[in-house]
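Before any comments, here is the structure.
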Amino acid sequence: MMINNGKQLTTPQAINNAIWSACDIMRRSNVSGAMQYVPEITWILFLRILDERETREAEEAEAIGISFKPSLRYPYRWQDWAAPGAEHRKQLWEAGQGALFNFVNNDLLPYLRGLRDQADAMPRQRVISQLMSGVERVRIDTERNFLDVLDKLNDIREASIDSQHLFPLSQAYEGLLLRMGENNNDGGQFFTPREVIRAMVQVIDPQIGETIYDPACGTGGFLAQSYEYLWRPTLKPSEIETLKQHTFYGREKAELVYPIALANLVLHGIDEPHIWHGNTLTENMVYGGLFQGAPEQFDIILTNPPFGGKEGPEAQTRFAYQTSATQVLFLQHVIDSLKPGGRCAIVLDEGVLFRTNETAFVQTKRKLLDDCDVWCIVSLPAGTFLGAGGGVKTNILFFTKGQPTERIWYYDLSGTKVTKRKPLTIKDFEDFLTILPQRTESERSWTVERAAIEARNFDLKAVNPNALVDQDTRTPEELIAIIEEKGREVNEALSRLKKWMKTD
């Protein structure tokens, strides 16, 4: 039975406070930046929630008379070594300074990393092993500070959270991930603003039984939001199994971010996140054990490939249209990875859409329009990614594979003012979502025929022909009068300045 000596945190705000209190302890413990303390808190929080879930699952199994095998054995469960009052924790503390860190660094962490190598490793054990793959040691400076962090996170319990709040723990964790993209640090490349993801998922409208794939999944935002969109308390047991175990697939290259993606998805409730660790474009694999049995093509692709990247010959030679531009290669990968009839929403930077001076750009866009029906392009505001560390002008492309594009319906959000303090919200998408089904034309929306696109050599950039342009209706005489008045003001100011200089 789990040791339970902590407080009951029943609201999202209480959970947020507990997580940020733990982060504050880390920041004063030589784990100062978000790119340091987010990975550290990730594995600790994951072990805490894993222990609670497996304790509940064991109790449920006992109630119906079936066996249950926990992922971790004694003394590696949270309730054994981390929870206040845990027997092994007491023994380690009584053993004197250094015993706790020695156990965690030289016993616990190697055990967790090695779970995947067991001959009979369960899917969850492989997830645990991969999540811990980059954790070599505790980063927190002292055992006392480490214990304080454990105690803060021990108070977080899914079972005690008010049931009216959906996904409070995972959303608190997403708030933590956003810090990785603030202050223009490198973490922004792994984080797509939540409201952009939400709008993309809503338009694509995934259904239970469809496979969902992100070839550049970062922290797992698209997959996690899709799970939230699909989850309903009324789902049948077979639907829940499909959703949690056979729906979500992704790839991620970054060593730091791959385990964070796994943790984010598990905290959302996805039991088996099928995330492949390696370079999507070169197919160089670090670990593919969680991706075993993945389909070659998918029903849905939701993704935001890295902006502005450059790829070498190893990646380029795997594609029909060779270029160093990362996003163009990802677009080719997406087209190839989508099932006939499959749907995609992808974020692409403006350069991919308007560039016609490189053959691979034009060829890739021609293939896109030949193989897929690009039925919508949304032009996003220039500041959309400022909150996640990027200021690139971007667009969302929506398309279905299987029929060529005859026309594209555009929607222009570029006039929406977006700053770090005033990010894009789902409300900014309301008009778009309302008129999308009928492809209505308005001041912000218009349609471009295939012939016009080909005439522009496949320049897909959104240029709004209906945009209202502020016109200066003043007459020449009025403008002259304004200039003369400004001239008089300048002369008066100069006169006062001269007088002041004379009297000085």
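General observations
- The conditions of being touching a Phe, Trp or Tyr at 6+ places or on another chain (Cβ under 8 Å), assigned by TED's automatic domain parsing to the domain that holds Leu147 and within 19 Å of Met132 (Cα to Cα) are not met by Leu92.
- Only a single criterion out of (1) of a type in the set (Val, Ile, Thr); (2) closer than 27 Å to Tyr249 by Cβ; (3) surrounded by fewer than 21 Cβ atoms within 10 Å (Cβ to Cβ) is not satisfied by Thr419, namely (2).
- Test: residue in the range 66-87 that is among the aliphatic types (A, V, I, L, M), buried (at least 18 other Cβ atoms within 10 Å of the Cβ) and under 22 Å from Gln118 (Cα atoms): yes
- For the range 91-107, taking the residues that are of a type outside the set (A, V, I, L, M, F, W, C) and over 22 Å from Trp43 (Cα atoms), the one that is surrounded by the most Cβ atoms within 10 Å (Cβ to Cβ) is identified as Gln91.
- Of all residues in the range 78-102, those satisfying the criterion of being under 17 Å from Lys152 (Cα atoms) and not aliphatic (A, V, I, L, M) are Trp78, Gln79, Asp80, Trp81, Pro84, Gly85, Arg89.
- Pick from the range 252-306, criterion aliphatic (A, V, I, L, M) and without any contact (Cβ under 8 Å) to a residue 40 or more places away in the chain, ranking: nearest to Gly341 (Cα to Cα): Met285
- Any hit, the range 230-238, residues being assigned to a strand (DSSP E or B) and modelled with pLDDT of 95 or more: no
- Residue match in the range 433-441 (condition: surrounded by 20 or more Cβ atoms within 10 Å (Cβ to Cβ) and either in the same structural domain as Val201 (by TED's automatic domain parsing) or touching a Pro at 6+ places or on another chain (Cβ under 9 Å) (or both)): no
- Boolean, Asn457 is part of a loop (DSSP other than H, G, I, E, B) and at positive phi: yes
- Of the strands (runs of 3 or more DSSP E) entirely within the range 248-359, those holding at least 2 residues that are touching a Pro at 6+ places or on another chain (Cβ under 8 Å) and at pLDDT 95 or above occupy 248-252, 298-303, 338-349.
- The set of residues in the range 422-432 that are in contact with a helix residue (DSSP H, G or I) (Cβ under 6 Å, 6 or more places away or on another chain), within 22 Å of Trp375 (Cα to Cα) and surrounded by fewer than 18 Cβ atoms within 10 Å (Cβ to Cβ) contains only Ile426.
The values are calculated or read from the model by the stated rules, or taken from the named source; none is laboratory data. Computed from a predicted structure; not experimentally measured. Methodologically, a virtual Cβ is constructed for each residue, glycine included, from the backbone with ideal geometry; neighbour enumeration extends over all protein chains shown.
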